[in-house]
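Scroll down for the structure; my scribbles are underneath it.
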Amino acid sequence: MVNPENFRSSGGEEFNTHINSEAFANGVEFRLAEIDKDAEELTRLFSQSSTLPHLSGVTPRRLAENERYYYDNNLNKYPLNTSILTAEPDEIKKYYADNQNDFITIVAGDSSKNKGKLLGSVTVIKPSGGLLYGVVSKLVVDEAARGRGLGTSLVKLANKYIFDNGYWQSYAGIIVNVPGDEGPRKIFAREGFEAREPIEPNRCISWDSEAGIFKIREVLLVVLQKEA
């Protein structure tokens, strides 16, 4: 696992938290996403069948009008009246362009023989309206690169951005009761995040890769407080 504390400042715009394009011995580099260049690789990462259930509101393909529904556990269906992100390059470019003032996206790239290939990514949603917390979102790792600590390194870097920019808390929502939910649970617990009991149940919709539909999911809210 790469230690983000070893990163030197890139001095890039307002993201000044030890991110650069330095290649490391294990063949991984961490940098800010260049969406025009990275859109196809982000599409590939988001479209992994094992990843989609963990991403709120992301579909692997465009939905026909008669498919714009989501389902509860009893397969009762409801109209899909919320915005969704289609994992296609043009849609991803538009999504990040529309939110460029609100998001910071960090990617893990393969710096060895497969330059241009992404091994993972994470998005930080910056606070708005005077709030003092950032949100760690859309954490994804290439299926073939799992078990190398990339997810943990990406979360470390997301937290570093949040805390270095004066925010006091880092939030994340973990979609639970889906295959593989123990992975993100372990990553966030290892980084010191603690579960936050909600006033009301937290829910979202995510893609069921086997059924090919959106389903209502339960979300575990976890929080990390900045050290004094």
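Note on the stretch 137-170: residues that are out of contact with any strand residue (DSSP E or B) (no Cβ under 8 Å at 6 or more places or on another chain) and not in a loop (DSSP other than H, G, I, E, B) amount to 6.
Pairs are defined by a Cβ separation below 6 Å, a sequence spacing of at least 6 or placement on different chains, a first member in the stretch 41-53 that is under 11 Å from Gly120 (Cα atoms), and a second member that is part of a loop (DSSP other than H, G, I, E, B); the pairs so defined are Phe46/Ala87. Restricting the first member to the stretch 129-147 and to residues that are over 11 Å from Leu119 (Cα atoms) and without any contact (Cβ under 8 Å) to a residue 60 or more places away in the chain, and the second to residues that are assigned to a loop (DSSP other than H, G, I, E, B) and of a type in the set (Gly, Ala, Ser), the beta-carbon pairs closer than 8 Å and six or more apart or on different chains are Leu132/Gly166. For beta carbons closer than 6 Å, sequence separation of 6+ or different chains, a first residue in the stretch 60-86 that is among the acidic types (Asp, Glu) and a second that is surrounded by 11 or more Cβ atoms within 10 Å (Cβ to Cβ), the qualifying pairs are Asp72/Ile216. Being charged (D, E, K, R), in contact with a Lys or Arg (Cβ under 6 Å, 6 or more places away or on another chain), more than 20 Å from Glu29 (Cβ to Cβ) and touching a residue at least 24 places away in the same chain (Cβ under 8 Å) is true for just one of Asp181, Asp102, Asp110, Asp90. Which residue is that? Residue meeting the stated conditions: Asp102. Taken over the stretch 164-194, the criterion of being acidic (Asp, Glu) and modelled with pLDDT of 95 or more is satisfied by Asp181, Glu182, Glu191, Glu194.
Ser112 passes every criterion in (1) at pLDDT 95 or above; (2) assigned to a loop (DSSP other than H, G, I, E, B) apart from (1). Every listed requirement among (1) under 19 Å from Val141 (Cβ atoms); (2) basic (Lys, Arg); (3) more than 17 Å from the chain's Cα centre (by Cα) is met by Arg44 save one, (3).
Here is a list of conditions, (1) surrounded by 15 or more Cβ atoms within 10 Å (Cβ to Cβ); (2) more than 24 Å from Asn165 (Cβ to Cβ); (3) without any contact (Cβ under 8 Å) to a residue 24 or more places away in the chain, and Tyr95 meets all of them except one; can you say which number that is? (2) is the only condition that Tyr95 fails. Being under 16 Å from the mean Cα position of the chain (by Cα) and either at pLDDT below 95 or surrounded by 11 or more Cβ atoms within 10 Å (Cβ to Cβ) (or both) is true for just one of Pro89, Pro60. Which residue is that? One residue alone meets the criteria, Pro60. Within the stretch 207-224, residues that are surrounded by fewer than 17 Cβ atoms within 10 Å (Cβ to Cβ) have Cβ atoms under 6 Å from residues that are assigned to a strand (DSSP E or B) and among the small types (Gly, Ala, Ser) in these pairs: Leu221/Gly173, counting only partners at least 6 apart in sequence or on another chain.
The values are calculated or read from the model by the stated rules, or taken from the named source; none is laboratory data. Computed from a prediction, not measured in an experiment: that's the story for all the values here. FYI the Cβ positions are ideal-geometry reconstructions off the backbone, even for glycines, and counts take in every protein chain you see.
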